[in-house]
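Here is the structure we will look at, set down as structure tokens.
The values are calculated or read from the model by the stated rules, or taken from the named source; none is laboratory data. Quick caveat, the model's predicted, so the values are computed rather than measured. Here the Cβ positions follow ideal geometry from the backbone for every residue, glycine too, while neighbour counts run over all protein chains shown.
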Amino acid sequence: MNTMKKSGIFNIYFISVILSFGVTSISFAAPQSDHGDKSHAGAMQGGHHNAQMPNKKNKHKKGGTFSPHWAKTLTSAQKTSFDKMHLVVGQFEAVQRAKIKMLKAELNVLAANKSSNKSAIYGKIDEILAVKKGIMRSRFDHIAEMRNELTDQQRISYDMGLLKRGKHKH
């Protein structure tokens, strides 16, 4: 094996060892919830779902036209359930994002090789896209799971927020 191939293999091995150590430390050091000690209450009460700054005009109201924002009406059981769901999704996404970083590093090594192999590069790109696809599926499974826990009234506000997600924010 020539020195260039040895160097590339060492780089991939080194990156995978570092990332695998980081991924295992993430799972051991994961917090109880992804937002610390904040509740699902609005920003005025110390929560994160309705993060509005006091003393500022809020042109874009949250929730329905007449109904309150869904997060302001959660029961304590719903809050606990959502915290658990957020923890599971957060842990899954942390591992997947670490995988993407490792795959991108491997892709860069493949692209920087003297004799870069297009089929190997395309295969690595497909691996990255498969991981990203898994993250998107996980997110939308999470959204469906959240909706199932909400009452009909809360679901109206939640759905309106979902529909506004893709719009440009000022």
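Quick notes on this structure:
Residues checked against (1) part of a helix (DSSP H, G or I); (2) surrounded by 15 or more Cβ atoms within 10 Å (Cβ to Cβ); (3) at pLDDT 95 or above:
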{"site": "His86", "(1), (2), (3)": "yes, yes, yes"}
{"site": "Gly90", "(1), (2), (3)": "yes, yes, yes"}
{"site": "Ser115", "(1), (2), (3)": "no, no, no"}
{"site": "Gly161", "(1), (2), (3)": "yes, yes, no"}
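- Residue within segment 117-138 that is of a type in the set (A, V, I, L, M, F, W, C), surrounded by 15 or more Cβ atoms within 10 Å (Cβ to Cβ) and out of contact with any Leu (no Cβ under 8 Å at 6 or more places or on another chain) present: yes
- Qualifying residue in segment 75-87 (condition: in contact with a Lys or Arg (Cβ under 8 Å, 6 or more places away or on another chain), of a type in the set (A, V, I, L, M, F, W, C) and more than 24 Å from Lys164 (Cα to Cα)): no
- One residue from Tyr158, Tyr122 being at negative phi and touching a residue at least 60 places away in the same chain (Cβ under 8 Å): Tyr158
- Residues (surrounded by 14 or more Cβ atoms within 10 Å (Cβ to Cβ) and assigned to a helix (DSSP H, G or I)) located in segment 148-159: Glu149, Gln154, Arg155, Ile156, Ser157, Tyr158, Asp159
- Condition check for Ile125: at pLDDT 95 or above, over 30 Å from Asp83 (Cβ atoms) and part of a helix (DSSP H, G or I): yes
- If only residues of segment 141-155 that are in contact (Cβ under 8 Å) with a residue 60 or more places away in the chain and acidic (Asp, Glu) are counted, the one that is farthest from Ser67 (Cα to Cα) is Glu145.
- Screening the candidates Ser115, Ser119, Ser138 for the property of being hydroxyl-bearing (Ser, Thr, Tyr) and closer than 28 Å to Trp70 by Cα yields one hit, Ser138.
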